[in-house]
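Worksheet for the structure shown next.
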Amino acid sequence: MSSFLESPKFPVDIVNQAAEKEKKGGGRPEHWEMVFWWTRKPLASARAVLAAAALPPDIDVHTFVTQVLKAKVNLKGQVENVPHRENPSPPPEWRERFAKMKVLDPFAGFGSIPLEAMRLGFGEVVAVELLPTTYVFLKAVLEYPKWAAERGLGEQLVRDVEKWGKWITEQLAGDPDIKELYDPDVAVYIGTWEVKCPHCGKYTPLIGNWWLARVSKGSSEETEEGEEEGAKKKIFSRLAWMDWENGAIKIVDLNKELKTSEIEAKVNSKQGYVVVNGTKRTVRKPNIYARRETGTCLHCGNQIRYISLKTGKHSIEKPKGAETEWYIKHALKQWNQLLEDYLNGKIDLEKLLQSPARPTLLVKVKVKRGDLEFEPATKQDTEKLRKALEKLREMWSDPDIPKELTEPYCSSTYHTIVWGFDKFYKLFNPRQLLTLVKLVKLVREAGKK
């Protein structure tokens, strides 16, 4: 038997518009911001497809759009709202039809399909997922709210989540270790790896993207349209990037420099330039290309290529048949081994910090008067990463530190293992790891309370 989903009357253009509005900045569901995920499907399209698959082909399209999808469409056929923010209200006969059906999502991910099936009122909804993170997330988004709502405890659940979330945040912020390691007015730290150049001996940061903000007016998305042929002139609400000057990071903030909230500019991020008022400014290109196995020292300008595993000598060309490795990969593997040795008490901190690769901080991002402000990170900021290492070593026997091996059979983690990140704790910088361990303890304590 055919369904409305298979009918030529299915309003695919309206569904696409609703999904597009949802995916853009400001339109995403609040719970999406809890965890980053790669393939989350818009709730609007999940709702539309589920309902359309369950309805006969001769239904009223207007009722479907306005009552089920909850799209508000103007005379030009454009969706003006973000439909997922409203619960569907299908006619009683449609809801009765849904209530007799079951929905199974065998690869539920972060739950767009089962969530919308529940909102539509399907009789039984089953979500299957093997990943531990998504399993916990699905319980929080699907199972607990449903349990509370069925018992009239929905509002109480919301208040409790807010109460204990606030308690955890306050406890973490008041922790003396955390207060010592983070500046209270910094929203985000931007960091990278630095490697010891085999030519000049100085540590050079590896930067794959020098941009800090490139936001065209009316959108939070970074668009690159037309950049192959030449940049198009647009109005930008934010333009800022990093530069390298006299051996240190420098901030170029055009909004601050020009004292304006709107900048008419041509921007070509691929070719690395910005044109404002006829003046062309250069934005640096990456100094690391992993696929090409190439790096460039920002101090001396020399290429960083291969190291002989037998002699330790550096070469630009990869000798045939010789045991060589890309120097940057080799350096990161050494850091990871030395890190493990340090935390297990086999070497001192000075030996670890002499590693050919080590984490560093580039920029501090602050929020002032509702706008972003960028500052270069200082030596004192990077010192805090090293202070965190000392604190981690003191608590290395703590069972909450994730010392387990990463999964060698998983393609996504295999790409980290070949760089020496073979255990979960190595995926974080020292300060992140210390903070997350403390956060786990607070969540557990909140559960007991």
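Points to keep in mind about this one:
- Cubic angstrom per residue, convex hull over Cα atoms of the stretch 365-449: 186 Å³
- Each of Gln17, Ile59, Ala44 was scored by the projection of its Cα onto the charge dipole of the stretch 15-151, and the greatest displacement toward the positive side belongs to Gln17; charges sit on the C-beta of Lys, Arg, Asp and Glu.
- Computed P(r) (all Cα pairs; the stretch 4-152; 5 Å bins; percent): 2, 9, 19, 22, 21, 15, 9, 3, 0, 0
- The stretch 5-81: chymotrypsin sites (Phe, Trp or Tyr not before Pro) falling in loop per DSSP and having at most 11 other Cβ within 10 Å: Phe36, Trp38
- Taking packing as the residue-averaged number of other Cβ atoms within 10 angstrom, the listed peptides 315-324, 126-135 run from highest to lowest as 126-135, 315-324.
- Calculated P(r) tail over 29 Å for the chain, as whole % of Cα pairs: 63 percent
- Partner lysines for Lys313 [C-alpha distance under 30 Å; skip if fewer than 8 residues away on the same chain]: Lys196, Lys202, Lys285, Lys329, Lys333, Lys346, Lys351, Lys423, Lys426
- Acute angle (nearest 10 degrees) that the helix 154-174 long axis makes with the longest principal axis of the chain, alpha-carbon atoms: 10 degrees
- GluC sites (Glu not before Pro) within the stretch 239-287: DSSP coil, no more than 16 neighbouring Cβ in 10 Å: Glu262
- Restricting the trypsin sites (Lys or Arg not before Pro) of the stretch 115-191 to loop positions (DSSP other than H, G, I, E, B) with no more than 12 neighbouring Cβ atoms within 10 Å leaves Arg151.
- Using alpha-carbon coordinates, inclination of helix 379-394 to the longest axis of the chain, degrees: 80 degrees
- Rounded to the nearest 0.05, the FRET efficiency derived from the C-beta distance between Leu258 and Met34 at R0 = 51 Å is 0.90.
- Helix-only CD estimate at 222 nm, as mean residue ellipticity for the chain, using -39500 (n - 2.57) per DSSP H run (n ≥ 4): -10000 deg cm²/dmol
- Amide H partners (placed H, <5 Å) of Thr294, local residues excluded: Tyr289
- With the charge dipole of the chain set up from +1 on Lys and Arg Cβ and -1 on Asp and Glu Cβ about the Cα centre, the Cα lying farthest toward the positive end among the listed residues Tyr425, Leu138, Leu115 is that of Tyr425.
- Lys232 long-range amide H proximity, modeled H, under 5 Å: Val267
- Backbone amide hydrogens, once placed in the peptide plane, bring Tyr203 within less than 5 Å of Cys197, excluding anything fewer than 5 places away on its chain.
- Cα centroid separation - the stretch 45-82 against the stretch 105-139, whole Å: 22 Å
- Helix 12-23 and the longest principal axis of the Cα set of the chain meet at an angle near 40°.
- Note on the stretch 1-94: with charges restricted to the Cβ of Lys and Arg (+1) and Asp and Glu (-1), its dipole about the Cα centre is near 340 debye.
- Over 31 Å between alpha carbons, listed pairs Lys139/Lys270; Lys179/Lys280; Lys70/Lys364; Lys259/Lys379: Lys139/Lys270; Lys179/Lys280; Lys70/Lys364
Values quoted throughout were computed directly from the atomic coordinates according to the rules given, and no laboratory measurement underlies them. Predicted model only: the values in this text are computed from it and were never measured. Backbone-built Cβ (ideal geometry, glycine too); neighbour counts: all protein chains shown.
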